[in-house]
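Bear in mind these aren't lab numbers, they're just calculated from the coordinates by the rules spelled out. The structure presented is a predicted model; accordingly, all values stated were derived computationally and were not measured. Positions of Cβ are generated from backbone atoms using ideal geometry, with glycine treated the same way; all protein chains shown enter the neighbour counts.
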Amino acid sequence: MERLLLNNFYTGTVEGYSSEGLGIVRVNGAVVFVPRAVRGETVKLRITKEMKTCYAGEIEGIAAPSPERVEPDCAYFGRCGGCVYRHMSYAEELRAKKQKVQDALKRIGGLDLRVEEILGARDPLHYRNKAQYPVGPGGAVGFYRQRSHQVIPVERCQICAPAADATAGAVSAWMKKYGVPAYDERTGKGLVRHVYVRTSRKGESLCCVVLNGRTAPREPELAAMVLAAAPQTVGVVLNRNTRRGNVILGDGYRTLWGQDFLMDELCGLRFKLSVPSFYQVNREQAETLYGKAVEFAELTGMETVLDLYCGAGTITLAMSRKAKWVIGAEIVPEAIENARENAARNGIRNAEFFCGDASDIAARLEREGLRPEVICVDPPRKGLTPEVIAGVAAMGPKRVVYVSCDSATLARDLKRFGELGYQAERAVAVDLFPGTCHVETVVLMSRVKE
């Protein structure tokens, strides 16, 4: 492999994409990762960084553009770190994401499992029903530049709901008008850290302003400005987070105006959502995702189903309509409270919920003799701990349905399940995050040995 020189120019063809959506170009045997590339293009690139086994580069010219290349529809693309695929057709984006999942299953999991299909979004714009805007100096509200905590001010986002953008803009205007300082994570001083907005199918929204303290100046004016910008706001909530670090929400909440929850509809069911409740950010695609999870569960009405990481009970309650009994477990107390209320609100009587760590819940239920026919897991991006996997396997379910938002940790966990007698049989990718490098996957595992 020839060593490439920094700031020198080279020509190569984009062979594919990395898991983060970067184009992969091979130059004289060396791998170069370049942003905003499209597979099949011949590009002139400049080397910007040398790493141990690869290089980073920037495209300086395109000799042969791909027919899948499109003009980005966002003025912030390339500066804001949210989207990586706005320069290509949606069909090409879906191909890249399906290959990402396939590569992870093979390379990390060592699995010969074919990803059957990727289910794309009917509308890839303005799909996010939850937006979290970091706040920068001078009341700038937007999103972080990629691999940094520099806030890029954003007035209109192509994947967030317009009501969320309007709410964030109102909080920014309130800060500027009344001199309310932004939080500075380097010093730990300042007040406003994030603007967090949920929106419903009906267009209603819930605003939460995250503070480095208990109170804010001019609180009535804050509520009034949010309502003026987003008239369908149902509540304005203050969250107290005085801890250093990247965790967005703290533990303390205070309702400034209206209510501290939002009602929404998913899979024909009504859900009550508090600020910290887990809920998929793309409502329409979540229905597709959960429908596939229910299909993989192969329910006949006679099964007991355990749903770990149940959030506000979305998958649990979707499963309840085809199962004999469903049990949901989640570590967030507010989410479990919402889940129980959601079951009652929808007249579902064959569901119960427990609050606690997934590994502790799984171990306790196994000791108590629970033997569910189906276990569903929908963990956060870091995947499952070995203890959770062992607890699931110890209960001996016939089928395990794994819903994943990170194909790398999914592949790692499937390998661990394989060592405990579970074989991955089916995999389908579902695009809940158009424009970004993220993709959801549903995998069916079956018990092949005790």
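Fully extending the segment from T42 to R186, taken as 0.36 nm per residue of separation minus the present Cα-Cα distance, adds 47.6 nm.
For segment 312-441, just say rounded, prolate or oblate: build the C-alpha gyration tensor, square-root its eigenvalues into a ≥ b ≥ c, call rounded for a/c under 1.5, and beyond that prolate if a/b exceeds b/c, oblate if not.
oblate
In units of the compact-protein estimate 2.2 N^0.38 Å, the chain shows a Cα radius of gyration of 1.04.
Give the percent of DSSP beta bridges with both residues in segment 9-64 that are antiparallel, rounded to the nearest 5. In segment 9-64, DSSP labels about 90 percent of beta bridges as antiparallel.
When the helix-only estimate is applied to the chain (DSSP H runs of n ≥ 4, each -39,500 (n - 2.57), divided by the residue count), what is the mean residue ellipticity at 222 nm, nearest 500 deg cm²/dmol? The partial results should precede the final answer.
Working: 9 runs with 113 residues, N = 450.
Helix contribution divided over all residues of the chain: -8000 deg cm²/dmol.
How long is the gain from K324 to T242 if the chain were fully straight, where each residue apart is worth 0.36 nm and the alpha carbon distance is subtracted?
Working: separation 82, 0.36 × 82 = 29.52 nm, distance 4.45 nm.
Length gained, K324 through T242: 25.1 nm.
Of K97/K322; K106/K449; K272/K322; K100/K415, which sit over 24 Å apart, Cα to Cα? Before the final figure, lay out each step's value.
Working: K97/K322 31 Å; K106/K449 22 Å; K272/K322 22 Å; K100/K415 17 Å.
Pairs exceeding 24 Å: K97/K322.
Take the Kirkwood radius over Cα pairs of segment 9-64, plug it into Stokes-Einstein at 25 °C and 0.890 mPa s, and you get 229 µm²/s for translational diffusion. Indicate the gyration tensor shape class of segment 106-152 (rounded, prolate or oblate), computed on the Cα atoms with a ≥ b ≥ c the square roots of the eigenvalues: a/c under 1.5 is rounded; otherwise a/b larger than b/c is prolate and the rest oblate. Judged from the Cα gyration tensor, segment 106-152 comes out oblate (a/c at least 1.5, b/c at or above a/b). Dipole magnitude for segment 160-255: computed about the Cα centre from +1 point charges on Lys and Arg Cβ and -1 point charges on Asp and Glu Cβ, it is near 220 debye. For trypsin sites (Lys or Arg not before Pro), the sites in segment 274-364 that DSSP calls loop and that have at most 10 other Cβ atoms within 10 Å are R349. I need the calculated FRET efficiency for the pair R3 and Q150, taking r as the beta carbon distance and R₀ as 30 Å, to the nearest 0.05. Working from the Cβ atoms, E equals 0.40.
Running a GNM on the chain with Cα contacts under 10 Å, which residue among T215, T233, T187 ends up with the highest mean-square fluctuation? The residue that fluctuates most here is T187.
Which residue, chosen from T242, I331, T167, occupies the Cα position most advanced towards the positive end of the dipole of the chain, where the dipole is computed from +1 (Lys, Arg) and -1 (Asp, Glu) charges on Cβ about the Cα centre? Farthest along the dipole direction, towards plus: T242.
With θ taken as phi - 60° and the Karplus curve 6.51 cos²θ - 1.76 cosθ + 1.60 applied, the whole-hertz 3J(HN,Hα) list for segment 44-58 is 9, 10, 10, 6, 10, 7, 10, 10, 4, 10, 7, 10, 10, x, 10 Hz, x standing for glycine and proline.
Of the beta bridges in the chain, as assigned by DSSP with both residues counted there, near 65 percent are antiparallel.
Couplings 3J(HN,Hα) of segment 376-392, computed from phi: 10, 10, 9, x, x, 4, 6, x, 9, 7, x, 5, 5, 4, 5, x, 5 Hz, in residue order, whole Hz [Karplus 6.51 cos²θ - 1.76 cosθ + 1.60, θ = phi - 60°; x for Gly and Pro]. Less than 5 angstrom separates the built amide H of V27 from those of V32, all sequence-distant by 5 or more or on a different chain.
Separation of segment 26-53 and segment 303-322, taken as the distance between their Cα centroids, equals 45 angstrom. So if we plug the beta-carbon distance of R214 and V448 into 1/(1 + (r/R0)^6) with R0 = 51 Å, what FRET efficiency do we get, rounded to 0.05? Rounded to the nearest 0.05, the efficiency is 0.40.
Within 10 Å, count the other beta carbons around each residue, average over each peptide in 114-125, 303-314, 154-165, 9-20, and list them highest first.
On the way: 114-125: 15.6, 303-314: 26.3, 154-165: 20.6, 9-20: 17.8.
Result, highest mean first: 303-314, 154-165, 9-20, 114-125.
Taking 4.7 Å between C-beta atoms as the pairing limit, the chain has these partnerless cysteines: C54, C74, C80, C83, C207, C208, C267, C310, C355, C376, C405, C437. Toward the positive end of the charge dipole of the chain, with +1 on the Cβ of Lys and Arg and -1 on the Cβ of Asp and Glu, the farthest Cα among L289, A394, L222 is that of L222. The overall shape of segment 1-99 is prolate: from the C-alpha gyration tensor, with semi-axes ordered a ≥ b ≥ c, the ratio a/c is 1.5 or greater and a/b exceeds b/c.
Here the dipole of the chain is about 740 debye; that uses its Cα centre as origin and unit charges on the Cβ of Lys and Arg (positive) and Asp and Glu (negative). Spin-label model, K202 to D357: label points 7 Å out along the Cα-to-beta-carbon direction sit 4.0 nm apart. What you get for segment 37-173, charging only the Cβ of Lys and Arg (+1) and of Asp and Glu (-1), is a dipole of about 420 debye around the Cα centre. Note that segment 316-332 has calculated 3J(HN,Hα) couplings of 3, 6, 5, 6, 4, 6, 10, 10, 6, 8, 10, 10, x, 9, 7, 8, 8 Hz, one per residue in order, obtained from phi through the Karplus relation 6.51 cos²θ - 1.76 cosθ + 1.60 (θ = phi - 60°); glycine and proline are x. Under the simplified labelling scheme, the K398-Q259 pair shows an inter-label distance of 4.0 nm, with each label point 7 Å from Cα along Cα→Cβ.
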